[in-house]
Amino acid sequence: MTDRIRWGILGTGKIANRFAASLNNISDKAELLAIGSRTAKTGDAFADKYNIPRRYVGYEGVVNDPDVDIVYIGTPGVFHKHDVSMCLNHGKHVLCEKALTINAQEAKEIIALAREKRLFLMEAMWTRFFPIHVKIRSLLKEKTIGDVTAMAINFAATPPFDLNNRFFKLDLGAGVLLDTGSYGISWAYSLLGKPQEVVGLAHFGESGADYQIACLMKFPAGQLVSILSSQMSYDHKNATIIGTKGKIEIHDPWYKPEVMTIYRENQEPERVEMPLDGYVGYEYEAMAVMDCIQNGKTECDVMPLDESIEIMKTLDSLRASWNHKYPFEE
């Protein structure tokens, strides 16, 4: 392995574009070597945009490239199990976009394979790696706002209406629970651990996908976390952590934040700004992954694999309470 980690990317969608731009921003550490796409036209356009030397029609070319160290998977979630397995079976480390899989059983299978192959695998939950979120974990450990009692997490945004795209099409794993809803659920896990109880409600749209969900999580110490996720509401993406002696408000958008305000008992509010300084945001996640690989680690402490399984179990339990299965699930 060279000093720079050599990346391949599967998929040329919006998130893959942002990830490619992020890798180019840290070119001293990362080399974006290969792109796999469904057509030559989209692959060439993507490669030209990000100066990627090797381009393959289909994904097999990327995983068969002997110079690729790790593959970033930016395909729709319904394909993650197949794509991750293909990469691991060809000896590639993997960073896979969230949600890791469609359900917990699929997550268990690919994680078992990664451990068998002794290869790195991580769910790409970029939120956990932003400087503000790193700082929040430190603040909570120091009990800056006392003991956490509650959290309110909102993620509402309306995508362009198209029944054939991934936001609406059930065959592609559409639905806000596994998309934007998973951000909030994962974040709550990262701060409070495994919940004791999770309940939720969902509204299903004309495509059969969940267009809006709300859930409530109860944790062992009594903390309550409310999560709202919607693809039919006006933009609203803020979050609040409430403690016994203060609160932390993470300004919109909380999942890729640059500003938060800390309220402490009997003190003036403190506004904290951590600008990205030209970064897209995926750089932090990518650097953490590369640090793990360079140090011989097969998973990341910030986004551990067993936690990804538990999160998928929570998503499964919510869908089960709504009698909601995807057409391709048994």
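The values are calculated or read from the model by the stated rules, or taken from the named source; none is laboratory data. This is a predicted model, so every value here is computed, not measured. Ideal geometry is used to build each Cβ from the backbone, glycine not excepted, and the neighbour counts take in all protein chains shown.
In this entry, residue 180 passes the filter for residues that are touching a residue at least 40 places away in the same chain (Cβ under 8 Å) and either surrounded by fewer than 17 Cβ atoms within 10 Å (Cβ to Cβ) or touching a strand residue (DSSP E or B) at 6+ places or on another chain (Cβ under 9 Å) (or both).
The conditions of being surrounded by fewer than 21 Cβ atoms within 10 Å (Cβ to Cβ), touching a residue at least 40 places away in the same chain (Cβ under 8 Å) and under 15 Å from the mean Cα position of the chain (by Cα) are met by residue 76. Within the set 270, 249, 258, the sole residue that is over 17 Å from residue 153 (Cα atoms) and either modelled with pLDDT under 95 or of a type outside the set (S, T, N, Q) (or both) turns out to be 270. Screening residue 56 with (1) closer than 21 Å to residue 293 by Cα; (2) outside any helix (DSSP H, G or I) gives one miss only, at (1). For segment 65-84, a tally of residues being within 17 Å of residue 285 (Cβ to Cβ) and either assigned to a strand (DSSP E or B) or among the small types (Gly, Ala, Ser) (or both) returns 5. Scanning segment 270-324 for residues that are of a type outside the set (S, T, N, Q) and closer than 18 Å to residue 215 by Cα turns up 310, 311, 312, 313, 315, 316, 318, 319, 320, 322, 324. Selection of segment 198-248 for residues being on the phi > 0 side of the Ramachandran plot and either among the hydrophobic types (A, V, I, L, M, F, W, C) or not assigned by TED's automatic domain parsing to the domain that holds residue 148 (or both) yields an empty set.
Scanning segment 127-160 for residues that are farther than 12 Å from residue 243 by Cβ and not in a loop (DSSP other than H, G, I, E, B) yields a count of 16.
Could you tell me which residue of segment 271-300 is surrounded by the most Cβ atoms within 10 Å (Cβ to Cβ), considering only residues that are acidic (Asp, Glu) and closer than 29 Å to residue 88 by Cβ? Of everything passing the filter in segment 271-300, 285 is surrounded by the most Cβ atoms within 10 Å (Cβ to Cβ).
I'm trying to understand the selection: among the residues of segment 243-264, which are closer than 22 Å to residue 146 by Cα, in a loop (DSSP other than H, G, I, E, B) and touching a residue at least 24 places away in the same chain (Cβ under 8 Å)? Residues satisfying the conditions are 244, 245, 254. Say whether the condition of being within 13 Å of the chain's Cα centre (by Cα), within 17 Å of residue 35 (Cα to Cα) and surrounded by 21 or more Cβ atoms within 10 Å (Cβ to Cβ) is met by at least one residue in segment 100-117. Among the residues of segment 100-117, not one is within 13 Å of the chain's Cα centre (by Cα), within 17 Å of residue 35 (Cα to Cα) and surrounded by 21 or more Cβ atoms within 10 Å (Cβ to Cβ), which makes the answer no. When you look at residue 305, is it in the same structural domain as residue 151 (by TED's automatic domain parsing), crowded, with 17+ Cβ neighbours inside 10 Å and modelled with pLDDT of 95 or more, yes or no? Criteria not met by residue 305.
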